[in-house]
1. Open to solvent by 20 Å² or more (accessible area, probe 1.4 Å) and at pLDDT below 95, is that true of ASN132?
2. Can you pull out the residues in the range 237-261 that are assigned to a strand (DSSP E or B), under 16 Å from the mean Cα position of the chain (by Cα) and among the polar types (S, T, N, Q)?
3. Among the listed residues LEU9, LEU55, LEU40, which satisfies the condition of being touching an Asp or Glu at 6+ places or on another chain (Cβ under 6 Å) and either under 28 Å from GLY142 (Cα atoms) or open to solvent by 50 Å² or more (accessible area, probe 1.4 Å) (or both)?
4. State all residues of the range 210-228 that are open to solvent by 10 Å² or more (accessible area, probe 1.4 Å) and in contact (Cβ under 8 Å) with a residue 60 or more places away in the chain; if no residue qualifies, say none.
5. Report, by residue number, each residue of the range 286-311 that is open to solvent by 100 Å² or more (accessible area, probe 1.4 Å) and over 19 Å from the mean Cα position of the chain (by Cα).
6. Is it the case that the range 288-306 has a residue that's out of contact with any helix residue (DSSP H, G or I) (no Cβ under 8 Å at 6 or more places or on another chain), assigned to a strand (DSSP E or B) and not charged (D, E, K, R)?
7. Could you look through the range 200-209, keep only residues that are open to solvent by 30 Å² or more (accessible area, probe 1.4 Å) and more than 11 Å from the ligand (Cβ to nearest atom), and pick out the one that is farthest from the chain's Cα centre (by Cα)?
8. Within the range 8-19, is there a residue that is in a strand (DSSP E or B), in contact with a strand residue (DSSP E or B) (Cβ under 9 Å, 6 or more places away or on another chain) and among the hydroxyl-bearing types (Ser, Thr, Tyr)?
Amino acid sequence: MGITRIGHLDINVLDINESRDYYENIMGMKVTREDKDGTLYLKCWDEWDKYSMILRPSEEATFNRIAFKVRNDSDLDDLKKKIEDYGTPTTMLPAGEIADCGRVLTMKLPSGHTFDLYAEKAFIGKDVGDLNPAPWPINGKGIKAHWLDHSLLMCQGPEAVMATTKFFEEVFDFKLTEQVTAGPDGSLQAATWLSCSSTPHDIAFVAGPEIGLHHIAFFLDGWNDILRAADVMAMNEVKMDLTPQRHGITRGETIYFFDPSGHRLETFAGLGYFVQPDMPVVTWDEDHLWRGIFYHTGQEVGAFTTAYTLAAYK
Ligand SMILES: [Fe+2]
């Protein structure tokens, strides 16, 4: 009964045409579906399913839902029972209710975020194909993001982070890889990073005042690609709140920047490290929080913890 990977993010954006231009020409994604109401579905060149981002035209830039993919359709029935036995209500949406997907098992996480699981989504294939493929698409645009890598969600306080982390460990069999501890004797988890694969994180949670979306990260190969991506962003006057740097937490090489609606995005490069089930949990204490986030400077950056996208619901 396996959750295999992150599938897609569904967000509201302010100007759909500006967003289309940004995600196509700067991120290097392609629109694969467009609904009558203007909603856009996009994929990266190295992804094979039909989309990993849903952009809905709106008057508010907010977060709707996040979805992960499971291995088999029957996993949804097994997980429904396991989740409900844990005390969390679920709803099974019929095939097609979420665009181009099979059945979707939806729920509210302990944090309050809407979380979806699905097994089937329309297949398109990588832009380079799967027979004698080129290593990258010669006609790719912008930073040529490979794939949706992970997301960090904001929870209301450490209690919500801890409850949601426990849920992912006990119900979804994710592995806790890193944590920031706080409070008396470090007894609280102020932030956690969890993996369902071999990478340092597929999802992360951090404590804040309101539930929301802190950032959506896209994978790039390595440090040179990060440098080139920052050049592309500068040429296009993309607002950044962090120029290229290394994370202490996860060891990723990173840039934080914003889309035209103010959603924070990240380019995350490098393997970080290889996660095995018996790897010890890495802990960062409160005094080393900023070293964990921005390893080189070790200093707080601007509105990093206060500026983020709120959920479209309370
Ligand atoms: Fe990240």
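1. Here the answer is no, as ASN132 does not meet what is asked.
2. THR254
3. Testing whether each residue is touching an Asp or Glu at 6+ places or on another chain (Cβ under 6 Å) and either under 28 Å from GLY142 (Cα atoms) or open to solvent by 50 Å² or more (accessible area, probe 1.4 Å) (or both) leaves just LEU40.
4. GLU210, ILE211, PHE219, ASP221, ASP225, ARG228
5. Correct list: GLU286, ASP287, TYR295, HIS296, GLN299, GLU300.
6. no
7. Taking the candidates together, the pick is PRO209.
8. Going through the range 8-19, the residues in a strand (DSSP E or B) turn out to be 8-13.
Filter once more, so that each one left must be in contact with a strand residue (DSSP E or B) (Cβ under 9 Å, 6 or more places away or on another chain): 8-13.
Restricting the remaining residues to those that are among the hydroxyl-bearing types (Ser, Thr, Tyr) gives none.
No, because not a single residue in the range 8-19 is in a strand (DSSP E or B), in contact with a strand residue (DSSP E or B) (Cβ under 9 Å, 6 or more places away or on another chain) and among the hydroxyl-bearing types (Ser, Thr, Tyr).
The values are calculated or read from the model by the stated rules, or taken from the named source; none is laboratory data. In this text the structure is predicted, and so the values were computed from the model without any measurement. Reconstructed Cβ throughout: ideal geometry from the backbone, glycine too, with neighbour counts over all protein chains shown. Only protein heavy atoms, including side chains, enter the accessible area calculation; ligands, DNA and RNA are left aside. Shrake-Rupley method; radii C 1.70, N 1.55, O 1.52, S 1.80 Å.
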